[in-house]
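Enquirer: Pasting a structure below so you can have a look.
The values are calculated or read from the model by the stated rules, or taken from the named source; none is laboratory data. Predicted model, so just to flag it, every value in this text is computed and none were measured. So basically every Cβ, Gly included, is an ideal-geometry build from the backbone, and we count neighbours across all protein chains shown. Note: accessible area is taken over every heavy atom of the protein model, side chains too, but ligands, DNA and RNA are not part of it. Shrake-Rupley method; radii C 1.70, N 1.55, O 1.52, S 1.80 Å.
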Amino acid sequence: MEYVIASNVMLWLAVIVMATACLALSRQVGILHERSAPLGAVISDKGPEVGDQSPKFDLADYKGDVITLGGKRNSGADQLALFLAPNCPMCNKILPTARALANDENLDVVVISDGPKEEHEHFLKTHNLGKIPYVISADVGMHFQVGKVPYAVLIDRNGKIAAKGLVNTREHLESLLEAKAMGLESLQEYFEKH
């Protein structure tokens, strides 16, 4: 009987030590989570710089409607050029965010891609873009020197590039709008200064 009591006491002590260790670890994970802020969209050092006048394009979208990318906008809305590829899994995940931004913000979103027509037909059948124009043009991507997708360029209402970068997550895409609102090239610039 003494062995049973001793083993129960030892087991309870082990449980208490394990519970204390779990609490300490969860506290440390919380502290680490607070300290690691999202960095935002990663800016490439190629193409037109933030603050430069954006190249202006008059383009036909997939439906045949002519849209203007870049240049001064009379509507007063900023414009987001979102470069995607039909077979890119990350691009598929960023589309709902782009649709939400087009609906909720004063923002005109244009999706730009290139490649074979069959891939675009399948992509458009499986994804609801709503009112967002879908443009197939390799020329636009070359002018902005887009190397990887999903990539976004935020063009302000005056036709200047306000922010740009790789946008693999919702936070990256929203960081372009935050950077513009703060008057910065990117959120990385903010974290470097503070």
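Enquirer: Taking the DSSP beta bridges in the chain as the whole, what percent of them are antiparallel, to the nearest 5?
Expert: Percent antiparallel among DSSP bridges in the chain is about 65.
Enquirer: Helix-derived [θ] at 222 nm for the chain: sum -39500 (n - 2.57) over DSSP H runs of at least 4, divide by residue count, nearest 500?
Expert: Rounded to the nearest 500, it is -14500 deg cm²/dmol.
Enquirer: A follow-up question, please. Report the charge-dipole magnitude of the range 1-145 in Debye, nearest 20, computed about the Cα centre from +1 at each Lys and Arg Cβ and -1 at each Asp and Glu Cβ.
Expert: 260 debye
Enquirer: Could you give the nm distance between label points at E171 and R73, where each point is 7 Å from its Cα heading toward the beta carbon?
Expert: Using points 7 Å along Cα→Cβ, the separation is 2.6 nm.
Enquirer: Suppose every K and R has +1 on its Cβ and every D and E has -1 on its Cβ; what is the size of the dipole of the range 66-194 about the Cα centre, in Debye to the nearest 20?
Expert: 180 debye
Enquirer: Using a Gaussian network model of the chain with C-alpha springs under 10 Å, which one of G141, G71, G30 is most mobile by mean-square fluctuation?
Expert: In the Gaussian network model the winner is G30.
Enquirer: Let me ask another. Can you give the angle from 0 to 90° between the axis of helix 2-35 and the longest principal axis of the chain, with both taken from C-alpha atoms, to the nearest 10?
Expert: 20 degrees
Enquirer: Tell me, what is the percent relative contact order of the chain, built from C-alpha pairs under 8 Å that lie six or more residues apart?
Expert: 28 percent
Enquirer: Would you rank R99, R170 by solvent-accessible area, highest first, keeping every protein chain in place and using a 1.4 Å probe?
Expert: Order by accessible area, largest first: R170, R99.
Enquirer: Pairing the Cα long axis of helix 170-182 with the longest principal axis of the chain, what angle in degrees results, from 0 to 90 and rounded to the nearest 10?
Expert: Once rounded, the angle reads 70 degrees.
Enquirer: Scan (i) 27.7, 100; (ii) 15.4, 43; (iii) 24.1, 89 for the value of Rg and Dmax of the Cα atoms in Å calculated from this model and give just the label.
Expert: This structure yields the entry labelled (iii).
Enquirer: On to the next question. For the chain, set up a GNM with springs between Cα atoms under 10 Å and report which of L69, L177, L124 has the largest fluctuation.
Expert: L124
Enquirer: Would you pull out the residues with amide H under 5 Å of D108's amide H, same chain only if 5 or more places away, H placed 1.01 Å from N?
Expert: For D108, whose amide H was placed from the backbone, the distant partners under 5 Å are D78, Q79, L80.
Enquirer: On to the next question. To the nearest 10 degrees, how steeply does helix 117-126 sit against the main Cα axis of the chain, on a 0 to 90 scale?
Expert: For 117-126 against the chain, the angle is about 50 degrees.
Enquirer: On to the next question. Would you mind telling me which residue in V17, V153, V109 has the biggest mean-square fluctuation in a Gaussian network model of the chain, where springs connect alpha carbons within a distance under 10 angstrom?
Expert: Maximum fluctuation in the GNM of the chain, among the listed residues, is at V17.
Enquirer: How large is the charge dipole for the range 106-178, taken about the Cα centre, if only the Cβ atoms of Lys, Arg (+1) and Asp, Glu (-1) carry charge, to the nearest 20 debye?
Expert: With only Lys, Arg, Asp and Glu charged at Cβ, the dipole is about 100 debye.
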